[in-house]
Amino acid sequence: MNRKFLIQAWILFVILFLNFAAQIVYFFHLYYSPQHPFPELRSTLIMGFVFAFFLVSFFLLIARHKSGFPLIFLYLSVEFLFYLWNIVTASFHPGLGWFFHLREQDPVLWIVFSIGYLGFFASGYFLVLLLIYRKSIVRSY
């Protein structure tokens with residue numbers, strides 16, 4: 001892996017880490033109350049698993065472990081397809097359209113949604129990078 005690729009990988013890491021942090025802000029902004037101080041256990045476990053999968057796959061890629069490439073590729077594919085599915089299906093609802101969250105008037109929600117969209121574009125971009133650098137990444141094992 002060359003230096004340029006590693007710098008872009010760390011930029012991706014920061015963007016996706018911010019996306020996870022934004023989910024915490026999202027919960028506290030919309031759902032927190034003294035009667036409901038924590039998210040549902042099921043949601044917390046799912047988000048925790050996804051976050052752990054992201055961390056493990058990213059650091060295995062950086063460490064040049066054999067499983068790093070397929071795991072980060074799987075993670076980014078799921079992330080990209082998740083956002084793509086939401087964007088496309090929103091366009092079928094009258095009045096919504098693509099990126100309708102960016103019309104949000106609440107500044108906290110606008111920032112959270114913007115970070116999510118940034119994660120969508122970053123994961124798509126990095127998927128392309130992984131395909132371009134695939135041979136050099138696999139050779140570096």
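Things worth noting here:
- Length gained on full extension, residue 51 to residue 32, computed as 0.36 nm times the residue gap minus the Cα-Cα distance: 4.7 nm.
- On Cα atoms only, tilt of 107-132 relative to the major axis of the chain in degrees: 20 degrees
- Option label - Cα Rg over 2.2 N^0.38 Å computed here, alternatives (1) 1.17; (2) 1.12; (3) 1.21: (1)
- Compared with the dominant Cα axis of the chain, that is its longest principal axis, helix 41-62 is turned about 20°.
- When only Cα pairs below 8 angstrom with a gap of at least 6 residues are kept, region 14-83 shows a relative contact order of 17 percent.
- CD proxy at 222 nm, helix term only [per DSSP H run n ≥ 4: -39500 (n - 2.57); per residue of the chain; nearest 500]: -26000 deg cm²/dmol
- Unit Cα scatterers, Debye sum, region 24-103: log10 I(q)/I(0) for q = 0.15 Å⁻¹: -0.80
- The mean sequence distance of close C-alpha pairs (under 8 Å, at least 6 residues apart), as a share of the length of the chain, puts its relative contact order at 35 percent.
- Reduced Cα scattering model of region 21-69, Debye log10 I(q)/I(0), q = 0.17, 0.18, 0.28 Å⁻¹: -0.61, -0.65, -0.99
Read-outs: derived from the displayed coordinates by stated rules, not from any lab. Here the structure is a predicted model, which means the values were calculated and not measured.
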